[in-house]
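Remarks on the structure that follows.
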Amino acid sequence: MFPHYFEESVEKMAEEGISSGKSMNPHPLRIDVVKFNGTNNFGMWRCEVMDALTASNLEDTLRLEKKRTSTTEEDWDKMNRTACGLIRSFLT
């Protein structure tokens, strides 16, 4: 159906994405979370925030006490800053 060079390119992109452990989509998925204001359900809000972090590949910043050996210090710092910014954006 598709030319063989197209299929080879797709296969190569898939292999690179899987082997690097990084998403092929550089843009994080936008998840709307109702801002926590102290009157809404904290448990539900926390689950929604974790979903947003997971969709952005940032859940390790909360689940791990220290970075993985395969993650550079620069990447770890960037992940933490991004996760903190995302969480702050969900607060009033």
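Each value in this text was obtained by applying a stated rule to the coordinates, not by laboratory testing. Because the structure is predicted, anything quoted here is derived from the model rather than measured. Using ideal geometry, Cβ is built from the backbone for each residue, glycine included, and neighbour counts are taken over all protein chains shown.
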Going fewest to most other Cβ atoms within 10 Å around each Cβ, D32, D51 line up as D32, D51
Rg from C-alpha atoms of segment 27-89, normalised by the globular rule of thumb 2.2 N^0.38 Å, equals 1.19
Residues whose modelled amide H sits under 5 Å from the amide H of F36, counting only those 5 or more places away in sequence or on another chain, are L91, T92
So N57 and T71, fully extended at 0.36 nm per residue minus their Cα-Cα distance, gain in nm 3.7 nm
